[in-house]
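Undergrad: Input: one structure, supplied below.
The values are calculated or read from the model by the stated rules, or taken from the named source; none is laboratory data. Owing to the predicted nature of the structure, the values given are computational and were not obtained by experimental measurement. So basically every Cβ, Gly included, is an ideal-geometry build from the backbone, and we count neighbours across all protein chains shown.
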Amino acid sequence: MINKVYYIIKLIKDKYKKFICKNYFFKEIIKRKRINDFNIYFKFIKDRIYSNFIFESLNEASNLCPKDSIMARELLTKLNAYLKYILNIKEGIVTLDEEISLLELYFSLENMIYKNMAELNIDIPEDIMNIRIPLLIFQPLIENSIKHGLYPKPIGGYIYIKAFDNKDKIEFIISDTGVGMSREEFEKVALMESFGLKNIKNRLEILYNTNYDFKIESEIEGGTKVYITIPKEV
């Protein structure tokens, strides 16, 4: 039974790799900035946002099969729920409530992979949960916090997502208690060259033009904070 599950996981990974290769042409279009429509842009980059995460999950399930089949099954069940959720979304804009629900599912999976190194705390007023925001805007930030901020710490730590209603705008603060970044590391991150950060900035720019703010602060052993400010109305 374990060998059969392992074979199925390998088959899924191989098929997904072929799917990613077929999208190479579209990625080249995006690199050259020929797309300025938000939903078209999101359609072409959506797979890139979560593809690494899918492979991580499948690899972890493969590793767990001979050791802990119950946990492997739990991980695959959660991954299935995550994929069903995200693949049913046709547009790149969702309500904040939908974004947080998907983020919590993602976090539970990622935390299983990284051995429960993080605790997620969300503090968002209920009355702004119906505003519409870009889908998967928080996921790359939470991924960075877990992998680069908290996982290097022997005791892990905390991630906080807070939102503030500021008249016609909403301010989000995503922070962690991780190892932080040196000045040199921060200067590289500030250039927004990584796919995750560049993707967030590009989508905010396409959707809100200049009417948004996106900045990062970090210091060694002081954790990292990301500030995102967007209009209430798209």
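Undergrad: Within segment 211-228, is even one residue of a type in the set (V, I, T), under 20 Å from the mean Cα position of the chain (by Cα) and at pLDDT below 90?
TA: Within segment 211-228, not a single residue is of a type in the set (V, I, T), under 20 Å from the mean Cα position of the chain (by Cα) and at pLDDT below 90.
Undergrad: Here's another thing I want to ask about it. Answer yes or no: is there a residue in segment 76-94 that is among the acidic types (D, E) and outside any loop (DSSP other than H, G, I, E, B).
TA: Within segment 76-94 (the criterion being among the acidic types (D, E) and outside any loop (DSSP other than H, G, I, E, B)), the answer is no, since none of the residues qualifies.
Undergrad: Just a yes or no: is a residue in segment 109-122 part of a helix (DSSP H, G or I), of a type in the set (S, T, Y) and touching a residue at least 12 places away in the same chain (Cβ under 8 Å)?
TA: Checked segment 109-122: no residue is part of a helix (DSSP H, G or I), of a type in the set (S, T, Y) and touching a residue at least 12 places away in the same chain (Cβ under 8 Å).
Undergrad: Taking the residues in segment 59-72 that are under 15 Å from E110 (Cα atoms) and at pLDDT 75 or above as candidates, determine which candidate is surrounded by the most Cβ atoms within 10 Å (Cβ to Cβ).
TA: Result: A72.
Undergrad: Within segment 73-108, how many residues turn out to be more than 18 Å from F138 (Cβ to Cβ) and buried (at least 19 other Cβ atoms within 10 Å of the Cβ)?
TA: Result for segment 73-108: 3.
Undergrad: Now a separate question. Among the residues of segment 64-75, what is the count of those that are assigned to a helix (DSSP H, G or I), touching a helix residue (DSSP H, G or I) at 6+ places or on another chain (Cβ under 8 Å) and farther than 30 Å from M129 by Cα?
TA: 4
Yes or no, residue by residue, for (1) touching a Pro at 6+ places or on another chain (Cβ under 7 Å); (2) farther than 25 Å from P231 by Cα:
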{"position": "L102", "(1), (2)": "no, no"}
{"position": "F107", "(1), (2)": "no, yes"}
{"position": "E119", "(1), (2)": "no, yes"}
{"position": "D123", "(1), (2)": "no, no"}
{"position": "P134", "(1), (2)": "no, no"}
{"position": "I170", "(1), (2)": "no, no"}
{"position": "I174", "(1), (2)": "no, no"}
{"position": "V179", "(1), (2)": "yes, yes"}
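Undergrad: Out of the residues in segment 143-178 that are among the aliphatic types (A, V, I, L, M) and modelled with pLDDT of 95 or more, state the one that is surrounded by the most Cβ atoms within 10 Å (Cβ to Cβ).
TA: Going through the qualifying residues, I end up with I159.
Undergrad: Continuing with this model, one more query. Which of the residues that make up segment 73-125 are more than 17 Å from the chain's Cα centre (by Cα) and at pLDDT 90 or above?
TA: Answer for segment 73-125, where residues must be more than 17 Å from the chain's Cα centre (by Cα) and at pLDDT 90 or above: D123, I124, P125.
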